[in-house]
Amino acid sequence: MTQPFKGKNKSGLTRELIEALFPIFEQASAGAIAVDRNARITWINSSYSELLGLGDPASVIGRPVRQLIPQTRMPEVLESGKPLLLDIMEHQKQQLVVTRLPFFDETDEIVGAVAFVLYGDLQPLTPLVSKYRRLHQDLVAARKALAQNARTTRYSLSDFVGASPGVLEVKRRARLAAGREMAVLLLGETGTGKEVLAQAIHAASDRAGKPFVGVNVAAIPDNLLEAEFFGVAPGAFTGADRKLREGKFQHANGGTLFLDEVGDMPLALQAKLLRALQEGEVEPLGSNKVSSVDVRVIAATSRDLDAMIAEGSFRSDLYYRLNVLEIPIPPLRQRPADLGVLCEALLEDICRGQEPQGEMTDAALAVLAGYDWPGNIRELRNVLERALTMGEAGVLDAAAISKALPRSVTPAAINPAAQPLPHPQPVPPLAQTLAAAEAGAIEQALVASAGNRSQAARLLGISRSVLYDKLARLS
Ligand SMILES: Nc1ncnc2c1ncn2[C@@H]1O[C@H](COP(=O)(O)OP(=O)(O)OP(=O)(O)O)[C@@H](O)[C@H]1O
Ligand SMILES: [Mg+2]
């Protein structure tokens, strides 16, 4: 075989070594070509001239490579003396994966370049590309999670979807709240978007660049709440850290503190919270030193605070502190007009990065409008997800939706033995069945308790914080 180059490689590789390597590359690749210092073809193998549709390789020797391969970057390699190890070159609608290397004479003068077509199409790279895409998706998810932990917000006001009069009033008040520093109280059933709104208010306020710190009062055992809120002084008790452990108030300094489920706060802590808000000062557990903090408070609850005040389980003075601007969020059952836009937004979010899903039919929307949504938008999201996984690909008609709604969970569906099935069904993994049963039981308890989670936890025989934990994993 004729060799396309003379001399020795710049890196000092001997001519023998290059000559030994060259045939291996040439044979393994889908084509190879060499040019001289002036980018004229000095050699091309038959597989490359076939791939390019050039006919007899001898006929192109001496021609400028650009004339035959307009997209080539060989001149660049000759100019810079640097290899282009991996590139995708388009040639007549083909995508070629190529590598290009310069070569040098004994005095290190560039004398030409050689190129190999590693792959004649991108097909062999599919596993690599899909692995890259998967990793990229993981990265996006990790960044999202990190943003949450990094005390920043994920939502803005445009994420609060809906155009019914009730939602427009919510948004009007949220904008008002964003423009001022006053305390805000968000009232709404579970899953109505209190967290979304709290983040959106922070993101639209002057404090947007500062931390947003959420604390779910109901999810933390009562005896740990004070430390969680105000921090722990060094050596406050056996086993305490030697450094000050900061609480949520200190973390939120300069920004916004979101007190979620504030109605679940024990009375003793209510008094301490009131003092912190009045004085703008906090006292870590076991310390006698106070430090001042500057936080804007947004509180939320799904409980009836008026009734709690009447029965003495919520302090009225704290209530007035928190409730300078009240934003009641209407439950989904009171605004069926929003179902269409909500489904659209939720489906887009659920299917992100995948094939677009089929549209909802009007009949399917009518079925949704007939349900009373104790779990509100979170439940709507779960129902849509279930309908997508259970139904035929992309079909979201009335039948698929009815099947996904919890009330169609009949005893026969839970216990297949009660009604023999006409065909053998694929058996799902046990973990999946158990998770579905758990989600069903939780949903049933929330329906029975009209969304009151303390009561739902009692019905299920689990603690409130365990229920919160499970709900967080479901949403
Ligand atoms: N108006 C809305 N537009 C779009 N998505 C919404 C809206 N409201 C809620 N969601 C979605 O519903 C889910 C529940 O919302 P969120 O956690 O804010 O509710 P919540 O009121 O804080 O509920 P909980 O009382 O259970 O904590 C989230 O996935 C959120 O993105
Ligand atoms: Mg919430």
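The values are calculated or read from the model by the stated rules, or taken from the named source; none is laboratory data. This structure is a prediction, so every number in the text was calculated from the model and none was measured. Reconstructed Cβ throughout: ideal geometry from the backbone, glycine too, with neighbour counts over all protein chains shown.
Here is the figure for the range 157-178: residues that are within 16 Å of ligand 2 (Cβ to nearest atom), within 28 Å of residue 308 (Cβ to Cβ) and under 25 Å from the mean Cα position of the chain (by Cα) total 2.
Which residue, of 189, 181, is in contact (Cβ under 8 Å) with a residue 24 or more places away in the chain, within 16 Å of ligand 2 (Cβ to nearest atom) and either part of a loop (DSSP other than H, G, I, E, B) or out of contact with any Phe, Trp or Tyr (no Cβ under 6 Å at 6 or more places or on another chain) (or both)? Spell out the reasoning first.
On the way: 181 fails: within 16 Å of ligand 2 (Cβ to nearest atom).
Sole residue among the options that is in contact (Cβ under 8 Å) with a residue 24 or more places away in the chain, within 16 Å of ligand 2 (Cβ to nearest atom) and either part of a loop (DSSP other than H, G, I, E, B) or out of contact with any Phe, Trp or Tyr (no Cβ under 6 Å at 6 or more places or on another chain) (or both): 189.
Considering (1) away from ligand 2 (no atom under 16 Å from the Cβ); (2) under 25 Å from residue 442 (Cα atoms), the lone condition that residue 209 does not fulfil carries the number (2).
Being assigned to a helix (DSSP H, G or I) and either in contact (Cβ under 8 Å) with a residue 60 or more places away in the chain or buried (at least 17 other Cβ atoms within 10 Å of the Cβ) (or both) is a description that applies to residue 171. Screening residue 343 on (1) surrounded by 18 or more Cβ atoms within 10 Å (Cβ to Cβ); (2) at pLDDT 95 or above shows it passes everything except condition (2).
Could you list, in sequence order, the residues of the range 90-103 that are touching a residue at least 24 places away in the same chain (Cβ under 8 Å), touching a Ser or Thr at 6+ places or on another chain (Cβ under 9 Å) and not basic (Lys, Arg)?
Result: 91, 102.
Restricting the first member to the range 257-269 and to residues that are within 20 Å of residue 312 (Cβ to Cβ), and the second to residues that are in a helix (DSSP H, G or I) and within 12 Å of ligand 2 (Cβ to nearest atom), the beta-carbon pairs closer than 6 Å and six or more apart or on different chains are 261/217; 261/218; 262/217; 264/217; 264/218; 265/217. Within the range 24-44, restricting attention to residues that are among the polar types (S, T, N, Q) and over 14 Å from residue 98 (Cβ atoms), which residue is modelled with the lowest pLDDT? Among them, the one singled out is 27. Checked against (1) within 13 Å of ligand 1 (Cβ to nearest atom); (2) among the aliphatic types (A, V, I, L, M); (3) in contact with a Ser or Thr (Cβ under 7 Å, 6 or more places away or on another chain), residue 174 passes all but condition (3).
Residues that are part of a helix (DSSP H, G or I) and of a type in the set (Val, Ile, Thr) were ranked within the range 192-206; the one that is nearest to ligand 2 (Cβ to nearest atom) is 196. Evaluating residue 151 against the criteria (1) at positive phi; (2) free of Cβ contacts under 8 Å to residues at least 40 places away in the same chain leaves one unmet condition, (2). The residue that is surrounded by the most Cβ atoms within 10 Å (Cβ to Cβ), counting only those in the range 174-190 that are touching a helix residue (DSSP H, G or I) at 6+ places or on another chain (Cβ under 6 Å) and among the small types (Gly, Ala, Ser), is 177. Every listed requirement among (1) within 13 Å of ligand 1 (Cβ to nearest atom); (2) assigned to a strand (DSSP E or B); (3) not charged (D, E, K, R) is met by residue 161 save one, (2). Residue 87 falls short on exactly one of the conditions (1) within 28 Å of the chain's Cα centre (by Cα); (2) under 25 Å from residue 54 (Cβ atoms), and that condition is (1). Screening residue 330 against (1) surrounded by fewer than 17 Cβ atoms within 10 Å (Cβ to Cβ); (2) touching a Gly at 6+ places or on another chain (Cβ under 6 Å); (3) not small (Gly, Ala, Ser) leaves a single unmet condition, (1).
Against the definition (within 12 Å of ligand 1 (Cβ to nearest atom) and part of a helix (DSSP H, G or I)), how does residue 224 come out, yes or no?
Details: within 12 Å of ligand 1 (Cβ to nearest atom): no; part of a helix (DSSP H, G or I): yes.
No.
Among what's in the range 283-304 and is away from ligand 2 (no atom under 16 Å from the Cβ) and among the polar types (S, T, N, Q), pick the residue that is modelled with the highest pLDDT. Result: 292. Screening residue 158 with (1) surrounded by 11 or more Cβ atoms within 10 Å (Cβ to Cβ); (2) at pLDDT 80 or above; (3) under 30 Å from residue 175 (Cα atoms) gives one miss only, at (1). Annotation note: Cβ proximity below 7 Å between a residue of the range 358-381 that is under 13 Å from residue 402 (Cα atoms) and a residue that is assigned to a loop (DSSP other than H, G, I, E, B) (sequence gap 6+ or interchain) occurs for 361/397; 363/397; 364/397; 371/405; 380/373.
So which of 273, 267, 285 ends up being within 27 Å of residue 469 (Cα to Cα), more than 15 Å from ligand 1 (Cβ to nearest atom) and out of contact with any helix residue (DSSP H, G or I) (no Cβ under 8 Å at 6 or more places or on another chain)? After applying the criteria, what remains is 267. The combined condition, being farther than 30 Å from residue 352 by Cβ and in contact with a Gly (Cβ under 9 Å, 6 or more places away or on another chain), is not fulfilled by residue 133. Among the conditions (1) surrounded by 20 or more Cβ atoms within 10 Å (Cβ to Cβ); (2) farther than 25 Å from residue 452 by Cα; (3) not basic (Lys, Arg), the only one that residue 244 does not satisfy is (1).
Suppose the filter is under 20 Å from residue 118 (Cβ atoms), surrounded by fewer than 20 Cβ atoms within 10 Å (Cβ to Cβ) and modelled with pLDDT under 85; does residue 21 pass it? Here the answer is yes, as residue 21 does meet what is asked. Filtering the range 24-74 to residues that are touching a residue at least 60 places away in the same chain (Cβ under 8 Å), over 12 Å from residue 114 (Cβ atoms) and in a helix (DSSP H, G or I) leaves only 51.
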